[in-house]
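The values are calculated or read from the model by the stated rules, or taken from the named source; none is laboratory data. Computed from a predicted structure; not experimentally measured. Glycine also receives a Cβ, built like all others from the backbone with ideal geometry; neighbour counts cover every protein chain displayed.
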Amino acid sequence: MSDQPPTEDEHEPSFLPRCPRCDTPVTRVTSRGPMEHICSPCGCEVGSPDLS
């Protein structure tokens, strides 16, 4: 690991929505039903009201 601060290219993209449970950037949401959704890549299960 380097003691240097991250460069601009190494920062997480700020345009991705955040998981309402763990605050991880979400790249995809998979629906299992009308009220059950899985955020990726974190794997958190969220309900429809949490996705607003």
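Could you tell me which of the residues Pro20, Pro25 is surrounded by 14 or more Cβ atoms within 10 Å (Cβ to Cβ) and in contact with a Leu (Cβ under 7 Å, 6 or more places away or on another chain)?
The conditions single out Pro25.
Among the residues of region 30-52, how many are of a type in the set (A, V, I, L, M, F, W, C) and touching a residue at least 24 places away in the same chain (Cβ under 8 Å)? So that I can check it myself, show each step before the final result.
Keep residues of region 30-52 that are of a type in the set (A, V, I, L, M, F, W, C), which gives 35, 38-39, 42, 44, 46, 51.
Those left that are additionally touching a residue at least 24 places away in the same chain (Cβ under 8 Å): 44, 46, 51.
Total satisfying the criteria: 3.
Among the residues of region 37-52 satisfying the criterion of being in a loop (DSSP other than H, G, I, E, B) and modelled with pLDDT under 90, which is surrounded by the most Cβ atoms within 10 Å (Cβ to Cβ)?
If we filter region 37-52 for residues that are in a loop (DSSP other than H, G, I, E, B), which is where we start, we get 41-44, 47, 52.
Okay, now just the ones that are also modelled with pLDDT under 90, so 47, 52.
Values: Gly47: 11, Ser52: 5.
Looking at residues that are in a loop (DSSP other than H, G, I, E, B) and modelled with pLDDT under 90, I get Gly47.
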